[in-house]
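K.L.:
Please see the structure below; I have some questions.
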Amino acid sequence: MRKVGIVGIGHVGATVAHLIVSQGLADELVLIDKKPEKVASEALDFSDAASLLDKHIDVHVGDYPDLADADVVISALGHIHLIKPDGDRFGELKANLPMAKQVGADLKAVGYNGVLLAISNPVDVITGIYQQATGLPSAQVIGTGTYLDTARLKRVFGEALGVDPRSVNGYVLGEHGASQFAAWSTVNVMGQNARTWAAEKSLDLDKLENDARVGGFTVHSGKGYTNFAIAHAAVSLLQIILSDARKEAIVSHYNEDFDGYISSPAIIGRAGVVANFDLPLTPEEQDKLAASAKAIQTKTADYS
Ligand SMILES: NC(=O)c1ccc[n+]([C@@H]2O[C@H](COP(=O)([O-])OP(=O)(O)OC[C@H]3O[C@@H](n4cnc5c(N)ncnc54)[C@H](O)[C@@H]3O)[C@@H](O)[C@H]2O)c1
């Protein structure tokens, strides 16, 4: 019995729910949103699809007591209209911070002890708030972080070389935001490092890195939100967790060195982060990671 909850059924939450339903990734899916009519309509819409699906799934509107025995709760709550075209995800902090505190407290009150996967922005900060408010071990509270930014880097680098993005390995590290960076020492395609490819093919790595960094806002500028890629990122992590895959994945997770949440790869399984490891970064990349952690702290103070 796989039970999943989603809190916040807006553009992102509804798309995550749709992937879970259409791919049969859970047996029970609990939907929570502060807009009762909206979430009731979403649940009914999914129920109307029930006879057309390959697999049975119980989708229903719920409240926090329904999440007490859930395996994974996904936070997709937010206020996307507060993100301006300038691309600063901290525009949502003032609105999302009290919501995350409350949802975290509600989960704690019902004794929730599963994995909490946060999507809500600014995701590194909000994930940390969830950990504090739920009191869960930090390993059980993770954020999608730069999983999506890494996918965007794979898209732009794959396009530059004319290969499927799944042929690109490597990471965007740091904040899910402006201070993130492509760790080029980790980026390899067909067994060859990104810098060697850049020299051979005259690729502008700074441009490719920036294209990945602003990718979300390129999508946002046309439709006012992003939903498909982030939903696939969240569901990819959900599958890793539910199947206890112990797979390497990049997530926002607690980093002792910086005493905060920031993205670097970890081994993910049923209990969240089940093992940590240090990437062999260059000294310059280590400095960029530290600077990104500092940027998250500074912006949190500025916007709070
Ligand atoms: N991490 C990423 O890579 C990434 C990518 C895309 C979007 N996001 C973030 O995901 C969040 C959702 O985006 P969206 O486009 O779906 O936003 P949206 O505004 O369309 O939907 C947010 C939903 O959350 C609900 N909500 C707000 N507070 C709530 C609460 N306390 N309890 C229950 N429901 C609550 C709202 O009623 C709304 O239905 C935003 O914070 C957005 O920035 C993150």
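K.L.:
Of all residues in region 239-291, which are surrounded by 23 or more Cβ atoms within 10 Å (Cβ to Cβ) and assigned to a helix (DSSP H, G or I)?
P.N.:
241, 289, listed by residue number.
K.L.:
Taking region 49-85 on its own, how many of its residues are under 15 Å from residue 23 (Cβ atoms) and in a loop (DSSP other than H, G, I, E, B)?
P.N.:
The qualifying residues number 6.
K.L.:
Somewhere in region 69-83, is a residue within 10 Å of the ligand (Cβ to nearest atom) and either loosely packed, with under 15 Cβ neighbours inside 10 Å or among the polar types (S, T, N, Q) (or both)?
P.N.:
Among the residues of region 69-83, at least one is within 10 Å of the ligand (Cβ to nearest atom) and either loosely packed, with under 15 Cβ neighbours inside 10 Å or among the polar types (S, T, N, Q) (or both), which makes the answer yes.
K.L.:
Does region 178-191 include one or more residues that are small (Gly, Ala, Ser), buried (at least 16 other Cβ atoms within 10 Å of the Cβ), away from the ligand (no atom under 16 Å from the Cβ) and assigned to a helix (DSSP H, G or I)?
P.N.:
no
K.L.:
Please pick out the residue among 148, 97 that is more than 19 Å from residue 292 (Cβ to Cβ), in a helix (DSSP H, G or I) and within 14 Å of the ligand (Cβ to nearest atom).
P.N.:
On the way: 148 fails: more than 19 Å from residue 292 (Cβ to Cβ).
Result: 97 is the single residue among 148, 97 that is more than 19 Å from residue 292 (Cβ to Cβ), in a helix (DSSP H, G or I) and within 14 Å of the ligand (Cβ to nearest atom).
K.L.:
Now for a different question. Take the residues in region 16-31 that are surrounded by fewer than 22 Cβ atoms within 10 Å (Cβ to Cβ) and within 22 Å of residue 233 (Cβ to Cβ); name whichever of them is farthest from the ligand (Cβ to nearest atom).
P.N.:
The residue in question is 24.
K.L.:
Looking at 124, 88, which is the one that is in contact (Cβ under 8 Å) with a residue 40 or more places away in the chain and within 25 Å of residue 268 (Cα to Cα)?
P.N.:
124 is the lone residue from the list that is in contact (Cβ under 8 Å) with a residue 40 or more places away in the chain and within 25 Å of residue 268 (Cα to Cα).
K.L.:
Would you call residue 136 among the aliphatic types (A, V, I, L, M) and part of a helix (DSSP H, G or I)?
P.N.:
For residue 136, the condition - among the aliphatic types (A, V, I, L, M) and part of a helix (DSSP H, G or I) - is not met.
K.L.:
I've got another one for you. Please work out if residue 56 is touching a helix residue (DSSP H, G or I) at 6+ places or on another chain (Cβ under 8 Å), over 26 Å from residue 110 (Cα atoms) and exposed (fewer than 13 other Cβ atoms within 10 Å of the Cβ). Give the derivation first.
P.N.:
Details: touching a helix residue (DSSP H, G or I) at 6+ places or on another chain (Cβ under 8 Å): yes; over 26 Å from residue 110 (Cα atoms): yes; exposed (fewer than 13 other Cβ atoms within 10 Å of the Cβ): yes.
In short, yes.
K.L.:
For region 32-51: of the residues being polar (S, T, N, Q) and free of Cβ contacts under 8 Å to residues at least 12 places away in the same chain, which is farthest from the ligand (Cβ to nearest atom)?
P.N.:
Result: 51.
Each reported figure results from applying straightforward, stated rules to the coordinates on display, with no laboratory input. Keep in mind the model is a prediction, meaning the values are calculated, not measured. Methodologically, a virtual Cβ is constructed for each residue, glycine included, from the backbone with ideal geometry; neighbour enumeration extends over all protein chains shown.
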